[in-house]
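Inspection log for the structure reproduced underneath, given as structure tokens.
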Amino acid sequence: MAKIRLPAEMGNLEEFLDFVVEEAGNQGFPPQRVSEIRLVSEEVLVNIFSYAYPESGGHVSMSCSGGEDDFILEILDRGALFNILAAPGPDLSSCLSERCVGGLGIYFVKKMTTEIRYVRENGENRLTLIFGKCR
């Protein structure tokens, strides 16, 4: 299992994303699927960097594992509680000019993953994103 842990700062975003892209590629995922995994990772990380630690800094840990047909990305932080599974989806039926800003990133995360798991234990958010080779 490959792991990385860095401060939860925008300046570390590319290092996290390079890590995920390399690991997904090493597991033989096709380029299109690797791009989707990167996009999902970016969305989750930017949200953590922006909202998880409003009072002070913190860290994010990522680990990658999986088998021949799946890629498992686990993201851990000790920031504010946020359950992505409980977040409401955007109203896609209304006119674009009438929609509230935000919410589409979480929508894409949910659409591009095969399975999502979330748990809050001992003050830690544990988000597990599972990607099949095909969506």
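The values are calculated or read from the model by the stated rules, or taken from the named source; none is laboratory data. What you are looking at is a predicted structure, and each value in this text was computed from that prediction instead of being measured. Quick reminder, even Gly has a Cβ in these numbers, built from the backbone with ideal geometry, and neighbours come from all protein chains shown. In case anyone asks, the SASA skips ligands and DNA or RNA and just uses the protein heavy atoms, side chains included. Shrake-Rupley method; radii C 1.70, N 1.55, O 1.52, S 1.80 Å.
Structure values in brief
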read-out: Some residue of the stretch 9-23 being of a type outside the set (Lys, Arg), at pLDDT 95 or above, over 14 Å from the mean Cα position of the chain (by Cα) and within 14 Å of residue 131 (Cβ to Cβ); value: yes
read-out: Checklist (1) at pLDDT 95 or above; (2) part of a loop (DSSP other than H, G, I, E, B) applied to residue 81, failing item; value: (1)
read-out: Given (1) open to solvent by less than 70 Å² (accessible area, probe 1.4 Å); (2) assigned to a helix (DSSP H, G or I); (3) not basic (Lys, Arg), index of the condition residue 63 fails; value: (2)
read-out: Identity of the residue in the stretch 31-60, open to solvent by less than 50 Å² (accessible area, probe 1.4 Å) and of a type in the set (D, E, K, R), that ends up farthest from residue 109 (Cα to Cα); value: 33
read-out: Residue list for the stretch 90-132, restricted to those being open to solvent by 60 Å² or more (accessible area, probe 1.4 Å), assigned to a loop (DSSP other than H, G, I, E, B) and either modelled with pLDDT under 90 or under 28 Å from residue 33 (Cβ atoms) (or both); value: 91, 92, 93, 95, 99, 100, 101, 114
read-out: Qualifying positions in the stretch 50-71 - within 17 Å of residue 17 (Cβ to Cβ) and either among the acidic types (Asp, Glu) or modelled with pLDDT of 95 or more (or both); value: 59, 60, 61, 62, 63, 64, 71
read-out: Condition check for residue 27: under 13 Å from residue 132 (Cα atoms), of a type outside the set (Gly, Ala, Ser) and out of contact with any Phe, Trp or Tyr (no Cβ under 8 Å at 6 or more places or on another chain); value: no
read-out: Pair list, Cβ under 7 Å, 6 or more apart: the stretch 35-64 residue farther than 10 Å from residue 8 by Cβ, other residue of a type in the set (Ser, Thr, Tyr); value: 40/113
read-out: Residue tally, condition farther than 20 Å from residue 70 by Cα and in a helix (DSSP H, G or I), over the stretch 1-42; value: 6
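Quick grid of which residues meet (1) surrounded by 13 or more Cβ atoms within 10 Å (Cβ to Cβ); (2) under 20 Å from residue 112 (Cα atoms); (3) touching a residue at least 12 places away in the same chain (Cβ under 8 Å):
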residue: 4; (1), (2), (3): yes, no, yes
residue: 19; (1), (2), (3): yes, yes, yes
residue: 25; (1), (2), (3): yes, yes, no
residue: 29; (1), (2), (3): yes, yes, yes
residue: 68; (1), (2), (3): no, yes, yes
residue: 75; (1), (2), (3): yes, yes, yes
residue: 79; (1), (2), (3): yes, no, yes
